Amino acid sequence: MLMNQRNADIQKDLLIALADLAANDSRDRIRIALAGGIIKILYAMADHERNANVQEHGCGALANLALNNDNNKVTIADAGGITTILSAM
C-alpha cells in the first residue's frame, strides 16, 4: 500500500470520528472548533483532494460542525470551506 493511501485512510477514520462527535453534542462542536478542528479538516481535504473517502467524510464532519452553530458556519466559510466543499462535489 502506498504511504499516501495509508495517510488518506487514517485521515478518513479521523474525519469519521470528528463527524460522530460533532453530530451528538453541541458542546463538542464548540470544542472541536476551538481546538482548530475546522482548519484541520480542510487541510486533510486539501492534502487528499483526489480521495473520495476523505472528501466525503470531510464534508460530513463540516456539516455536523455547522449544525445549529452559526460561529462554526462563519469559520468554515472564512477558512475557504465553501470552495473546498464545492471542489469535493
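The values are calculated or read from the model by the stated rules, or taken from the named source; none is laboratory data. Source: prediction; values computed, not measured. Cβ placement follows ideal geometry from the backbone for every residue including glycine, while neighbour counts extend to all protein chains displayed. When the accessible area is computed, the model is the full protein with side chains, heavy atoms only, and any ligands, DNA or RNA have been set aside. Shrake-Rupley method; radii C 1.70, N 1.55, O 1.52, S 1.80 Å.
Annotations for the structure displayed:
- Alpha-carbon gyration tensor eigenvalues x 5, square-rooted, for the range 1-42, Å: 24, 11, 5
- Shape of the range 11-84, Cα gyration tensor, a/c cut at 1.5: oblate
- Over the chain, accessible surface divided per residue gives 64 Å², non-protein components excluded, 1.4 Å probe.
- Taking every alpha-carbon pair under 8 Å whose residues sit at least 6 apart, the chain reaches a relative contact order of 34 percent.
- Two-site FRET efficiency, N4 against R27, from Cβ-Cβ distance with R₀ of 30 Å, rounded to 0.05: 0.30
- Per-peptide average of other Cβ atoms within 10 Å, ordering 43-51, 68-76, 15-23 highest first: 15-23, 43-51, 68-76
- The chain - percent of accessible surface contributed by carbon and sulfur, probe 1.4 Å: 54
- The chain: calculated mean residue ellipticity at 222 nm from DSSP helix runs of at least 4, using -39500 (n - 2.57): -26000 deg cm²/dmol
- Net charge over other residues, Cβ less than 13 angstrom from the Cβ of L67 (K, R count +1; D, E count -1): -1
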